[in-house]
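A.B. asks: Dropping a structure here in structure tokens format, bear with me for questions.
Read the figures in this text as sums done on the coordinates, not as results from a lab. The structure presented is a predicted model; accordingly, all values stated were derived computationally and were not measured. Using ideal geometry, Cβ is built from the backbone for each residue, glycine included, and neighbour counts are taken over all protein chains shown.
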Amino acid sequence: MIGARSRRILITGGNAGLGLALAKKLARRHSLLLSGRKSQNEVAGTLPPGAGYVVADQSDPEKSALALVRGIRDFGWDGLDNAVLNAGIGIAAVDGVDSAEAIRQTLDVNLLAAILQARALFPLLKKSSGTLTLIGSVAHKGSATIPAYAASKAGLHGFARALRSEWKGQVAVQVLHPGPAKTDIHEKAGYDPGRMRALFLAPDDIAAMMASAIASRRSPATLSWVRYLNGGAFTGRRL
């Protein structure tokens, strides 16, 4: 039974990194459905108690969108209060040049999947006057080490601006741009940040800023050291 102040929240990529950190922060107050490409058995024991899980592989954007809608129905929800499209990948470029395969994979997972998922989730969000949150990156302004990744996040930024206008009065839309976090995304991308990693923010702190930004519905919002030093992880609206 969903309490009066509880929300139905979908988080893609919710089985690892910032998605999992956000899920753990929200699990006590809200009903959560998380998604990822790993199987149910692979994520068993890692998700917050009570959270549902659906397998949705973003490398196949169209199928991932269908999987999310089916998973929401199977979970017993007829609407969504929040959809946080967080799943993504990064692939470090070799000498500043992405391979064609890396470009296609990055854009499919980070951009095309989010676009198709947003379209598929719109009726469920509209029913609840909900909020769609796209998770971008400070890299959307450009990054020499991950150009395709930067392009995909710039695409999300533009997509969010368009949807805010198109869906005005029906569904709130926002894009959040987290700074570097101490997750395994850089290792998976094949990039070693070296000593710079010491300056990365803890996932829990970024998750706290994400939750506050989601509650406020403001867009765009940059979640980096500047906001953190101004108390962003400890102040602001509660989701």
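A.B. asks: Quick query: amide H of residue 173 versus all other amide H atoms, modeled in the peptide plane; which residues come in under 5 Å with a sequence gap of 5 or more or a different chain?
C.D. replies: Under 5 Å from the amide H of residue 173 lie the amide H atoms of 132, each far enough along the sequence or on another chain.
A.B. asks: Using every Cα-Cα pair within the stretch 8-229, state what percent have a distance larger than 29 Å.
C.D. replies: 19 percent
A.B. asks: Packing-wise, with mean Cβ within 10 Å as the measure, how do 166-178, 19-31 rank, highest first?
C.D. replies: Peptide ranking by packing, descending: 19-31, 166-178.
A.B. asks: Another question, then. How large is the helix-only mean residue ellipticity at 222 nm for the chain, computed as the sum of -39500 (n - 2.57) over DSSP H runs with n ≥ 4, divided by its residue count, in deg cm²/dmol to the nearest 500?
C.D. replies: So the helix-based figure for the chain works out to -12000 deg cm²/dmol.
A.B. asks: If you only keep lysine pairs separated by 8 or more in sequence, or across chains, how many in the chain come under 20 Å at the Cα atoms?
C.D. replies: Lysine pairs satisfying the spacing and distance rule in the chain number 10.
A.B. asks: Something else about it: Label residue 104 and residue 42 with points 7 Å out from Cα along Cα→Cβ: what is the distance between them in nm?
C.D. replies: If labels sit at residue 104 and residue 42, their model points lie 2.1 nm apart.
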